[in-house]
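Everything below concerns the one structure shown next.
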Amino acid sequence: MVKGTDYELRSGESHFTLLRGVKFEQWVLADDCAPLLALCQEHLDFAPGDTRVLNLRDGYPKNLEGITDRATRTRLVIQQILEGQPETPNLIVGAVLSLNIAGRRRFFEIDVLAINQAGVIRPIEIKSFPIVDGKARDAKSLGSAFEQIALYLLFLQRLVHLLEGDISQVPLDAVLVTPLNAGRNLNMAVTPVERRVFQARQRVEQVSHLAGSLGFLPVEIDLTPIADPSRPEHERIAGLEALTAHFGTHYTPDCGKACPLAKFCRRHAHAAGSIDFIGGAVQRQLPNVSSLHRAHELATGSTPTLQERAVAEGLRCMAHVHQILTTLHVTEEVA
């Protein structure tokens with residue numbers, strides 16, 4: 001909702017990392033997907049020499065119309081596969097799934113959709129982090145990749161069910177293609193992710209439930225202008241302020257790792273002097289203190305309540321030490 005404003009989180013993958021990922025994917029899909037097909041023959045029961053590649057990244061405009069058409073084509077091909085029609089593609093590059101989530105149409109692009117000779121459908125993700133001695137060098141990225149594939153598996157099974165197919169044709173396994181060690185070899189790993197698919201289903205249901213609860217918002221609160229990048233920033237932020245005034249905010253330092261509203265809520269926490277703002281380690285040193293403003297009052301001599309007495313003594317002591325050190329620093333600068 002805050003994309004394009006001062007509250008947008010600017011962190012993310014470096015340009016070098018993104019470029020490395022693009023180059024690696026190009027390598028895997030080179031020569032009409034020959035490197036990938038060799039891995040599929042070894043791990044996914046593909047017939048030798050069977051090459052039927054459909055690249056949905058070519059020939060479609062990079063806009064809403066294009067991705068809608070790609071989703072329609074993906075659905076049609078999957079339906080043909082479920083019907084057992086001959087000569088259907090066994091690799092779909094840039095397959096797109098379209099689903100209605102929380103009342104809005106969403107699109108999800110899969111790197112490659114692989115279909116073996118038995119009609120088993122598997123999404124494949126291509127990641128550039130290496131597997132060294134059988135372990136991912138970047139465990140966090142590996143977990144994120146598994147979660148991403150789990151979501152695709154959930155949506156694929158839903159689509160197959162909708163098309164009256166057998167969902168067992170979409171086994172709950174994550175298929176990852178990565179570099180092997182530090183060389184130019186490729187690694188394909190097939191990992192069961194049933195638990196992650198279950199968690200993905202729960203998250204999607206939570207989003208749908210939240211969308212339903214939005215109907216109880218006051219009529220003056222409209223989410224549409226908040227997320228509209230064409231509107232002036234001050235109007236968008238005013239809408240967000242109205243929304244959070246109704247629901248409230250709750251910031252902790254860990255929010256910055258995942259929540260796109262972290263910077264917005266951090267400003268609210270700072271202005272309110274929230275104890276949560278400083279993190280658990282310091283927070284545990286301030287039991288029964290309601291805010292950072294109150295901690296400052298206690299440190300500068302305010303009379304503590306009975307519950308605050310133990311903390312107040314420590315705060316006054318630290319304030320005294322801080323004053324001494326500040327005085328010494330100023331004296332050294334003058335000298």
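The values are calculated or read from the model by the stated rules, or taken from the named source; none is laboratory data. All of these numbers come straight from a predicted model, not from anything done at the bench. Positions of Cβ are generated from backbone atoms using ideal geometry, with glycine treated the same way; all protein chains shown enter the neighbour counts. Just the protein is used for accessible areas: all its heavy atoms, side chains included, with ligands, DNA and RNA removed. Shrake-Rupley method; radii C 1.70, N 1.55, O 1.52, S 1.80 Å.
What the table below lists for this structure:
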| item | result |
| --- | --- |
| The chain: DSSP helices with Cα axial extent of at least 30 Å and average Kyte-Doolittle hydropathy no lower than 1.0 | none |
| Amide H contacts under 5 Å for Val112, placed H, 5+ residues apart | Gly94, Ile124 |
| Residues whose placed amide H lies under 5 Å from that of Asn187, excluding near-sequence neighbours | Thr178, Leu180 |
| Net +/- balance of residues flanking Phe46 in space, Cβ distance below 13 Å, scoring K and R +1, D and E -1 | -1 |
| Per residue Cα convex hull volume in Å³ - calculated over the chain | 230 |
| Gain on full stretching of the segment that runs from Arg57 to Met318 - 0.36 nm per residue minus C-alpha separation | 87.8 nm |
| Rounded to whole Å, sorted largest first: equivalent-ellipsoid semi-axes of region 100-167, Cα gyration tensor | 26, 17, 9 |
| Residues Ala47 and Asn181, FRET efficiency given R0 of 25 Å [Cβ-Cβ distance, rounded to 0.05] | 0.30 |
| Ordering of 281-294, 137-150 by packing [mean C-beta count within 10 Å, highest first] | 137-150, 281-294 |
| Carbon + sulfur, % of accessible area of the chain - ligands and nucleic acids excluded, 1.4 Å | 54 |
| Phi to ³J(HN,Hα) by Karplus 6.51 cos²θ - 1.76 cosθ + 1.60 over region 125-138, Hz, x for Gly, Pro | 10, 9, 10, 8, 6, x, 9, 10, 6, x, 10, 6, 5, 10 |
| Relative packing of peptides 52-65, 23-36 - highest average C-beta neighbours within 10 Å first | 23-36, 52-65 |
| Förster radius 56 Å - calculated FRET efficiency between Arg203 and Leu328 (Cβ-Cβ, nearest 0.05) | 0.55 |
| Estimated inter-spin distance, His234 and Ser291, nm [label 7 Å along Cα→Cβ] | 2.6 |
| Accessible area per residue in Å² at 1.4 Å probe, computed on the chain | 59 |
| Residues whose placed amide H lies under 5 Å from that of Val132, excluding near-sequence neighbours | Arg137, Asn181 |
